[in-house]
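The values are calculated or read from the model by the stated rules, or taken from the named source; none is laboratory data. Quantities reported herein were computed from a predicted structural model and do not represent experimental measurements. Methodologically, a virtual Cβ is constructed for each residue, glycine included, from the backbone with ideal geometry; neighbour enumeration extends over all protein chains shown.
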(Lines give C-alpha, C1' and ligand atoms only; values in the text may rest on other atoms or scores of the structure.)
Protein backbone atom coordinates (compact mmCIF):
# COMPACT_ATOMS: atom_id res chain seq x y z
CA UNK A 1 0.00 0.00 0.00
CA UNK A 2 1.48 3.35 -0.97
CA UNK A 3 1.67 6.46 1.12
CA UNK A 4 -1.39 8.01 -0.53
CA UNK A 5 -3.58 5.43 1.14
CA UNK A 6 -2.57 6.55 4.64
CA UNK A 7 -5.80 7.17 6.50
CA UNK A 8 -6.62 10.53 8.02
CA UNK A 9 -8.73 10.86 11.16
CA UNK A 10 -10.85 13.44 12.92
CA UNK A 11 -8.84 15.60 15.30
CA UNK A 12 -11.12 14.80 18.23
CA UNK A 13 -14.50 13.57 19.40
CA UNK A 14 -16.11 16.96 18.74
CA UNK A 15 -15.02 16.93 15.11
CA UNK A 16 -16.40 13.42 14.65
CA UNK A 17 -19.71 14.20 16.39
CA UNK A 18 -20.26 17.38 14.36
CA UNK A 19 -19.32 15.68 11.09
CA UNK A 20 -21.55 12.66 11.73
CA UNK A 21 -24.38 14.85 13.05
CA UNK A 22 -24.13 17.16 10.05
CA UNK A 23 -24.50 14.11 7.82
CA UNK A 24 -27.55 12.94 9.75
CA UNK A 25 -29.02 16.46 9.96
CA UNK A 26 -29.75 16.95 6.29
CA UNK A 27 -32.64 17.06 3.86
CA UNK A 28 -34.01 13.91 5.44
CA UNK A 29 -34.64 15.79 8.67
CA UNK A 30 -35.53 19.26 7.50
CA UNK A 31 -37.44 18.43 4.33
CA UNK A 32 -38.78 14.89 4.61
CA UNK A 33 -39.48 14.66 8.36
CA UNK A 34 -42.00 17.57 8.59
CA UNK A 35 -44.08 16.54 5.60
CA UNK A 36 -44.28 12.92 6.79
CA UNK A 37 -45.26 14.15 10.26
CA UNK A 38 -47.95 16.35 8.73
CA UNK A 39 -49.22 13.49 6.56
CA UNK A 40 -49.27 10.93 9.36
CA UNK A 41 -50.99 12.94 12.05
CA UNK A 42 -48.07 14.66 13.74
CA UNK A 43 -47.84 13.36 17.30
CA UNK A 44 -48.30 9.67 16.52
CA UNK A 45 -45.57 9.76 13.88
CA UNK A 46 -43.30 11.64 16.29
CA UNK A 47 -43.73 9.10 19.10
CA UNK A 48 -43.11 6.12 16.80
CA UNK A 49 -40.05 7.77 15.27
CA UNK A 50 -38.46 8.56 18.66
CA UNK A 51 -38.99 4.96 19.85
CA UNK A 52 -37.40 3.59 16.67
CA UNK A 53 -34.49 6.06 16.88
CA UNK A 54 -33.67 5.07 20.47
CA UNK A 55 -33.81 1.33 19.75
CA UNK A 56 -33.40 0.15 16.17
CA UNK A 57 -31.65 3.33 15.00
CA UNK A 58 -29.16 3.36 17.86
CA UNK A 59 -28.24 -0.27 17.18
CA UNK A 60 -27.61 0.36 13.49
CA UNK A 61 -25.66 3.52 14.18
CA UNK A 62 -23.28 2.01 16.71
CA UNK A 63 -22.82 -1.13 14.55
CA UNK A 64 -21.78 0.84 11.46
CA UNK A 65 -19.51 3.28 13.30
CA UNK A 66 -17.86 0.44 15.24
CA UNK A 67 -17.34 -1.49 11.98
CA UNK A 68 -15.60 1.50 10.43
CA UNK A 69 -13.37 2.13 13.44
CA UNK A 70 -12.46 -1.55 13.80
CA UNK A 71 -11.49 -2.05 10.16
CA UNK A 72 -10.28 1.50 9.31
CA UNK A 73 -11.91 0.94 5.93
CA UNK A 74 -14.72 2.42 3.87
CA UNK A 75 -17.93 0.41 3.22
CA UNK A 76 -16.65 -1.20 0.01
CA UNK A 77 -13.78 -2.95 1.79
CA UNK A 78 -14.82 -2.95 5.48
CA UNK A 79 -17.13 -5.95 5.38
CA UNK A 80 -14.60 -8.05 3.51
CA UNK A 81 -12.01 -7.25 6.16
CA UNK A 82 -14.38 -8.47 8.88
CA UNK A 83 -15.04 -11.72 6.99
CA UNK A 84 -14.05 -12.76 3.45
CA UNK A 85 -17.58 -14.03 2.70
CA UNK A 86 -19.07 -10.61 3.47
CA UNK A 87 -17.38 -8.78 0.58
CA UNK A 88 -20.67 -8.72 -1.32
CA UNK A 89 -22.21 -6.63 1.46
CA UNK A 90 -19.50 -4.06 0.88
CA UNK A 91 -20.41 -3.76 -2.79
CA UNK A 92 -24.08 -3.21 -1.91
CA UNK A 93 -23.16 -0.71 0.80
CA UNK A 94 -21.09 1.27 -1.72
CA UNK A 95 -23.75 1.18 -4.43
CA UNK A 96 -26.30 2.84 -2.12
CA UNK A 97 -24.50 6.20 -1.83
CA UNK A 98 -23.72 6.10 -5.57
CA UNK A 99 -27.47 5.89 -6.24
CA UNK A 100 -28.46 8.47 -3.62
CA UNK A 101 -25.91 11.16 -4.54
CA UNK A 102 -27.58 12.28 -7.81
CA UNK A 103 -30.93 12.49 -6.00
CA UNK A 104 -29.40 14.69 -3.30
CA UNK A 105 -27.62 16.89 -5.79
CA UNK A 106 -30.81 17.43 -7.80
CA UNK A 107 -32.72 18.56 -4.71
CA UNK A 108 -29.65 20.53 -3.62
CA UNK A 109 -29.87 22.36 -6.94
CA UNK A 110 -33.49 23.26 -6.18
CA UNK A 111 -32.39 24.68 -2.82
CA UNK A 112 -29.64 26.71 -4.51
CA UNK A 113 -32.26 28.19 -6.85
CA UNK A 114 -34.62 29.15 -4.02
CA UNK A 115 -31.77 30.57 -1.94
CA UNK A 116 -30.74 32.80 -4.84
CA UNK A 117 -34.35 33.88 -5.45
CA UNK A 118 -34.79 34.94 -1.83
CA UNK A 119 -31.40 36.62 -1.65
CA UNK A 120 -31.84 38.60 -4.88
CA UNK A 121 -35.56 38.96 -5.61
CA UNK A 122 -37.25 39.01 -2.24
CA UNK A 123 -39.03 35.66 -2.59
CA UNK A 124 -42.33 36.89 -4.03
CA UNK A 125 -41.54 35.14 -7.29
CA UNK A 126 -41.15 31.80 -5.49
CA UNK A 127 -44.60 32.18 -3.91
CA UNK A 128 -46.38 32.42 -7.26
CA UNK A 129 -48.47 29.49 -8.48
CA UNK A 130 -46.57 27.27 -10.85
CA UNK A 131 -43.12 28.62 -10.01
CA UNK A 132 -41.78 25.32 -8.67
CA UNK A 133 -43.20 23.18 -11.48
CA UNK A 134 -42.01 25.69 -14.05
CA UNK A 135 -38.50 25.57 -12.64
CA UNK A 136 -38.08 21.78 -12.36
CA UNK A 137 -39.65 21.19 -15.78
CA UNK A 138 -36.94 23.27 -17.43
CA UNK A 139 -33.78 21.82 -18.92
CA UNK A 140 -30.91 24.26 -18.57
CA UNK A 141 -31.46 26.00 -15.22
CA UNK A 142 -32.13 22.91 -13.03
CA UNK A 143 -29.02 21.27 -14.48
CA UNK A 144 -26.92 24.40 -13.88
CA UNK A 145 -28.05 24.63 -10.24
CA UNK A 146 -27.32 20.92 -9.74
CA UNK A 147 -23.80 21.36 -11.14
CA UNK A 148 -23.16 24.37 -8.88
CA UNK A 149 -24.26 22.34 -5.86
CA UNK A 150 -22.20 19.31 -6.94
CA UNK A 151 -19.06 21.40 -7.41
CA UNK A 152 -19.42 22.89 -3.92
CA UNK A 153 -19.73 19.39 -2.45
CA UNK A 154 -16.78 18.07 -4.48
CA UNK A 155 -14.59 20.98 -3.34
CA UNK A 156 -15.13 20.17 0.34
CA UNK A 157 -14.53 16.43 -0.20
CA UNK A 158 -11.41 17.21 -2.24
CA UNK A 159 -10.05 19.21 0.72
CA UNK A 160 -10.01 16.02 2.78
CA UNK A 161 -11.16 14.82 6.19
CA UNK A 162 -9.68 17.58 8.37
CA UNK A 163 -9.49 20.67 6.16
CA UNK A 164 -12.67 19.82 4.26
CA UNK A 165 -15.25 17.73 6.10
CA UNK A 166 -14.35 18.45 9.72
CA UNK A 167 -13.74 22.18 9.26
CA UNK A 168 -16.92 22.64 7.22
CA UNK A 169 -18.99 20.73 9.78
CA UNK A 170 -17.62 22.78 12.66
CA UNK A 171 -18.76 25.95 10.88
CA UNK A 172 -22.04 24.93 9.27
CA UNK A 173 -23.48 22.71 12.01
CA UNK A 174 -23.60 25.35 14.79
CA UNK A 175 -24.91 27.97 12.35
CA UNK A 176 -27.57 25.57 11.08
CA UNK A 177 -28.67 24.72 14.64
CA UNK A 178 -28.99 28.40 15.57
CA UNK A 179 -31.04 29.09 12.43
CA UNK A 180 -33.38 26.16 13.14
CA UNK A 181 -33.97 27.36 16.72
CA UNK A 182 -34.57 30.98 15.67
CA UNK A 183 -37.09 30.07 12.95
CA UNK A 184 -38.80 27.49 15.20
CA UNK A 185 -39.29 30.06 17.97
CA UNK A 186 -40.59 32.59 15.45
CA UNK A 187 -43.00 30.00 14.02
CA UNK A 188 -44.59 29.56 17.45
CA UNK A 189 -45.24 33.29 17.85
CA UNK A 190 -47.17 33.93 14.62
CA UNK A 191 -50.91 34.49 14.43
CA UNK A 192 -53.10 34.71 11.33
CA UNK A 193 -56.76 35.52 10.68
CA UNK A 194 -58.10 34.18 7.40
CA UNK A 195 -60.84 35.57 5.15
CA UNK A 196 -63.56 33.75 7.10
CA UNK A 197 -62.46 35.43 10.32
CA UNK A 198 -60.95 32.30 11.86
CA UNK A 199 -57.77 32.95 13.83
CA UNK A 200 -55.05 30.32 14.09
CA UNK A 201 -51.79 30.48 16.03
CA UNK A 202 -48.45 28.76 15.88
CA UNK A 203 -48.98 27.27 19.35
CA UNK A 204 -52.14 25.55 18.10
CA UNK A 205 -50.09 24.11 15.25
CA UNK A 206 -47.52 22.89 17.78
CA UNK A 207 -50.27 21.01 19.60
CA UNK A 208 -51.26 19.26 16.37
CA UNK A 209 -47.62 18.35 15.82
CA UNK A 210 -46.74 16.93 19.26
CA UNK A 211 -50.04 15.52 20.57
CA UNK A 212 -50.94 12.11 19.09
CA UNK A 213 -54.34 12.03 17.42
CA UNK A 214 -55.97 8.60 17.47
CA UNK A 215 -59.23 9.69 15.79
CA UNK A 216 -59.92 7.47 12.80
CA UNK A 217 -56.81 5.37 13.47
CA UNK A 218 -56.97 1.95 11.84
CA UNK A 219 -54.55 -0.95 11.70
CA UNK A 220 -53.70 -0.02 8.12
CA UNK A 221 -53.02 3.64 8.89
CA UNK A 222 -50.93 2.68 11.91
CA UNK A 223 -48.71 0.42 9.81
CA UNK A 224 -48.41 3.16 7.18
CA UNK A 225 -47.19 5.54 9.87
CA UNK A 226 -44.83 2.87 11.22
CA UNK A 227 -43.31 2.24 7.78
CA UNK A 228 -42.97 5.98 7.13
CA UNK A 229 -41.21 6.46 10.47
CA UNK A 230 -38.89 3.52 9.83
CA UNK A 231 -38.06 4.76 6.33
CA UNK A 232 -37.40 8.21 7.75
CA UNK A 233 -35.03 6.68 10.30
CA UNK A 234 -32.62 5.58 7.56
CA UNK A 235 -32.65 9.04 5.98
CA UNK A 236 -32.28 10.87 9.29
CA UNK A 237 -29.47 8.83 10.82
CA UNK A 238 -27.65 8.15 7.52
CA UNK A 239 -27.53 4.43 8.28
CA UNK A 240 -27.42 1.58 5.74
CA UNK A 241 -25.75 3.97 3.28
CA UNK A 242 -22.09 3.32 4.05
CA UNK A 243 -21.71 6.84 5.42
CA UNK A 244 -21.33 6.02 9.10
CA UNK A 245 -18.88 3.21 8.29
CA UNK A 246 -16.75 5.76 6.46
CA UNK A 247 -16.91 8.33 9.24
CA UNK A 248 -16.33 5.60 11.83
CA UNK A 249 -13.09 4.69 10.04
CA UNK A 250 -11.80 8.20 10.76
CA UNK A 251 -12.43 7.92 14.52
CA UNK A 252 -9.44 7.54 16.84
CA UNK A 253 -9.24 4.27 18.76
CA UNK A 254 -9.31 6.05 22.11
CA UNK A 255 -12.58 7.88 21.39
CA UNK A 256 -15.62 6.97 23.49
CA UNK A 257 -18.04 5.64 20.89
CA UNK A 258 -21.01 5.37 23.24
CA UNK A 259 -20.79 9.02 24.28
CA UNK A 260 -20.23 10.20 20.73
CA UNK A 261 -23.15 8.22 19.33
CA UNK A 262 -25.44 9.48 22.10
CA UNK A 263 -24.56 13.03 21.08
CA UNK A 264 -25.16 12.27 17.40
CA UNK A 265 -28.61 10.89 18.17
CA UNK A 266 -29.43 13.89 20.37
CA UNK A 267 -28.37 16.31 17.61
CA UNK A 268 -30.28 14.40 14.96
CA UNK A 269 -33.52 13.92 16.90
CA UNK A 270 -33.44 17.50 18.21
CA UNK A 271 -33.06 19.01 14.74
CA UNK A 272 -35.70 16.68 13.27
CA UNK A 273 -38.12 17.73 16.01
CA UNK A 274 -37.27 21.43 15.62
CA UNK A 275 -37.70 21.16 11.85
CA UNK A 276 -41.28 20.09 12.50
CA UNK A 277 -41.72 22.95 15.01
CA UNK A 278 -40.32 25.31 12.41
CA UNK A 279 -42.58 24.22 9.54
CA UNK A 280 -45.80 22.61 10.77
CA UNK A 281 -47.09 25.44 13.06
CA UNK A 282 -46.37 27.99 10.32
CA UNK A 283 -48.19 25.95 7.67
CA UNK A 284 -51.12 25.35 10.02
CA UNK A 285 -51.37 29.04 10.92
CA UNK A 286 -51.60 30.21 7.31
CA UNK A 287 -53.09 27.17 5.54
CA UNK A 288 -54.95 25.20 8.24
CA UNK A 289 -55.05 21.44 8.58
CA UNK A 290 -56.05 21.12 4.93
CA UNK A 291 -52.79 22.79 3.88
CA UNK A 292 -50.79 20.44 6.10
CA UNK A 293 -52.45 17.31 4.73
CA UNK A 294 -52.16 18.40 1.11
CA UNK A 295 -48.57 19.62 1.19
CA UNK A 296 -46.71 16.37 0.53
CA UNK A 297 -43.13 16.64 -0.79
CA UNK A 298 -43.94 20.13 -2.08
CA UNK A 299 -44.21 21.38 1.51
CA UNK A 300 -40.81 23.08 1.41
CA UNK A 301 -40.82 24.38 -2.17
CA UNK A 302 -44.49 25.26 -2.70
CA UNK A 303 -46.23 25.77 0.65
CA UNK A 304 -43.44 27.45 2.63
CA UNK A 305 -42.85 30.28 0.09
CA UNK A 306 -46.59 31.05 0.26
CA UNK A 307 -46.36 31.08 4.05
CA UNK A 308 -43.42 33.50 3.94
CA UNK A 309 -45.31 35.71 1.49
CA UNK A 310 -48.27 35.81 3.89
CA UNK A 311 -46.02 37.08 6.69
CA UNK A 312 -45.46 40.44 5.05
CA UNK A 313 -42.10 42.21 5.16
CA UNK A 314 -40.65 39.89 7.82
CA UNK A 315 -41.39 36.91 5.56
CA UNK A 316 -38.54 37.93 3.25
CA UNK A 317 -36.01 37.73 6.09
CA UNK A 318 -37.42 34.45 7.40
CA UNK A 319 -37.38 33.03 3.86
CA UNK A 320 -33.71 33.90 3.42
CA UNK A 321 -32.79 32.28 6.75
CA UNK A 322 -34.90 29.24 5.94
CA UNK A 323 -33.46 28.43 2.53
CA UNK A 324 -29.87 29.26 3.50
CA UNK A 325 -30.31 26.86 6.42
CA UNK A 326 -31.74 24.20 4.08
CA UNK A 327 -28.76 24.76 1.78
CA UNK A 328 -26.32 24.16 4.65
CA UNK A 329 -28.17 20.97 5.58
CA UNK A 330 -28.17 19.74 1.98
CA UNK A 331 -24.46 20.42 1.62
CA UNK A 332 -23.42 18.57 4.78
CA UNK A 333 -25.47 15.52 3.83
CA UNK A 334 -24.25 15.42 0.25
CA UNK A 335 -20.65 15.81 1.44
CA UNK A 336 -20.98 12.69 3.59
CA UNK A 337 -22.53 10.71 0.72
CA UNK A 338 -19.78 11.68 -1.70
CA UNK A 339 -17.12 10.95 0.92
CA UNK A 340 -18.43 7.38 1.28
CA UNK A 341 -17.95 6.87 -2.46
CA UNK A 342 -14.54 8.59 -2.66
CA UNK A 343 -13.22 6.78 0.41
CA UNK A 344 -14.34 3.45 -1.04
CA UNK A 345 -12.40 4.10 -4.25
CA UNK A 346 -9.34 5.14 -2.27
CA UNK A 347 -9.37 2.00 -0.13
CA UNK A 348 -10.21 -0.45 -2.92
CA UNK A 349 -7.77 0.85 -5.54
CA UNK A 350 -5.07 2.34 -3.27
CA UNK A 351 -5.18 5.74 -4.91
CA UNK A 352 -5.05 9.26 -3.56
CA UNK A 353 -8.06 11.43 -2.88
CA UNK A 354 -7.22 13.60 -5.87
CA UNK A 355 -7.06 10.64 -8.23
CA UNK A 356 -10.16 8.86 -6.89
CA UNK A 357 -12.42 10.75 -9.30
CA UNK A 358 -10.53 9.60 -12.38
CA UNK A 359 -11.59 6.44 -14.23
CA UNK A 360 -8.12 6.32 -15.80
CA UNK A 361 -6.41 5.99 -12.42
CA UNK A 362 -8.85 3.30 -11.34
CA UNK A 363 -8.21 1.38 -14.55
CA UNK A 364 -4.45 1.69 -14.02
CA UNK A 365 -4.81 0.41 -10.46
CA UNK A 366 -6.74 -2.61 -11.71
CA UNK A 367 -4.07 -3.37 -14.33
CA UNK A 368 -1.42 -3.29 -11.60
CA UNK A 369 -3.44 -5.75 -9.54
CA UNK A 370 -4.36 -3.36 -6.73
CA UNK A 371 -8.09 -3.67 -7.32
CA UNK A 372 -7.94 -7.43 -6.89
CA UNK A 373 -6.94 -7.21 -3.23
CA UNK A 374 -10.55 -6.79 -2.09
CA UNK A 375 -12.25 -9.10 -4.58
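Listing for the model above:
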| item | result |
| --- | --- |
| Answer from 362, 351 - the residue that is modelled with pLDDT under 85 and not in a helix (DSSP H, G or I) | 351 |
| Cβ-Cβ under 6 Å pairs, at least 6 apart or on other chains, region 167-183 side within 16 Å of residue 16 (Cβ to Cβ), far side modelled with pLDDT under 85 and assigned to a helix (DSSP H, G or I) | 169/18; 169/19; 169/22; 170/18; 173/18; 173/22 |
| Check on residue 292, at pLDDT 80 or above, in a helix (DSSP H, G or I) and more than 22 Å from residue 102 (Cβ to Cβ) | no |
| Region 199-220: number of residues that are surrounded by fewer than 14 Cβ atoms within 10 Å (Cβ to Cβ) and free of Cβ contacts under 8 Å to residues at least 40 places away in the same chain | 6 |
| Which listed residue is out of contact with any strand residue (DSSP E or B) (no Cβ under 6 Å at 6 or more places or on another chain), closer than 30 Å to residue 307 by Cβ and modelled with pLDDT of 95 or more, from 121, 145 | 145 |
| Residue tally, condition in a helix (DSSP H, G or I), over 17 Å from residue 106 (Cα atoms) and either under 15 Å from the mean Cα position of the chain (by Cα) or touching a residue at least 12 places away in the same chain (Cβ under 8 Å) (or both), over region 305-324 | 13 |
| Selection within region 221-238 - surrounded by fewer than 22 Cβ atoms within 10 Å (Cβ to Cβ), over 14 Å from residue 37 (Cβ atoms) and within 15 Å of the chain's Cα centre (by Cα) | 234 |
| Residue match in region 225-238 (condition: in contact with a helix residue (DSSP H, G or I) (Cβ under 9 Å, 6 or more places away or on another chain) and in a loop (DSSP other than H, G, I, E, B)) | yes |
| Helices (runs of 4 or more DSSP H) (entirely within region 1-108) containing at least 2 residues that are under 22 Å from residue 162 (Cβ atoms) and modelled with pLDDT of 90 or more | 58-71, 75-82 |
| Which numbered condition residue 330 fails, given (1) closer than 16 Å to residue 19 by Cα; (2) in contact with a strand residue (DSSP E or B) (Cβ under 6 Å, 6 or more places away or on another chain) | (2) |
| Among the residues listed as 41, 12, the single one being farther than 28 Å from residue 168 by Cα and either surrounded by fewer than 23 Cβ atoms within 10 Å (Cβ to Cβ) or touching a helix residue (DSSP H, G or I) at 6+ places or on another chain (Cβ under 8 Å) (or both) | 41 |
| Exclusive hit being farther than 30 Å from residue 11 by Cα, at pLDDT 90 or above and out of contact with any strand residue (DSSP E or B) (no Cβ under 8 Å at 6 or more places or on another chain), set 225, 201 | 225 |
| Failed criterion for residue 88 (all others in (1) free of Cβ contacts under 8 Å to residues at least 60 places away in the same chain; (2) within 24 Å of residue 224 (Cα to Cα) hold) | (2) |
| Among residues of region 325-345, those that are under 8 Å from the mean Cα position of the chain (by Cα) and modelled with pLDDT under 90, counted | 4 |
| Whichever residue in region 124-151 is more than 24 Å from the chain's Cα centre (by Cα) and touching a residue at least 60 places away in the same chain (Cβ under 8 Å) and, among such residues, is farthest from residue 75 (Cα to Cα) | 124 |
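Yes or no, residue by residue, for (1) farther than 30 Å from residue 8 by Cα; (2) assigned to a helix (DSSP H, G or I):
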site: 163; (1), (2): no, yes
site: 166; (1), (2): no, yes
site: 184; (1), (2): yes, yes
site: 187; (1), (2): yes, yes
site: 192; (1), (2): yes, no
site: 213; (1), (2): yes, no
site: 220; (1), (2): yes, yes
site: 246; (1), (2): no, yes
site: 254; (1), (2): no, no
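Matching residues to (1) surrounded by fewer than 16 Cβ atoms within 10 Å (Cβ to Cβ); (2) out of contact with any helix residue (DSSP H, G or I) (no Cβ under 8 Å at 6 or more places or on another chain); (3) closer than 30 Å to residue 312 by Cβ:
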residue	(1), (2), (3)
90	no, no, no
98	yes, no, no
121	yes, yes, yes
129	yes, yes, yes
135	no, no, yes
147	yes, no, no
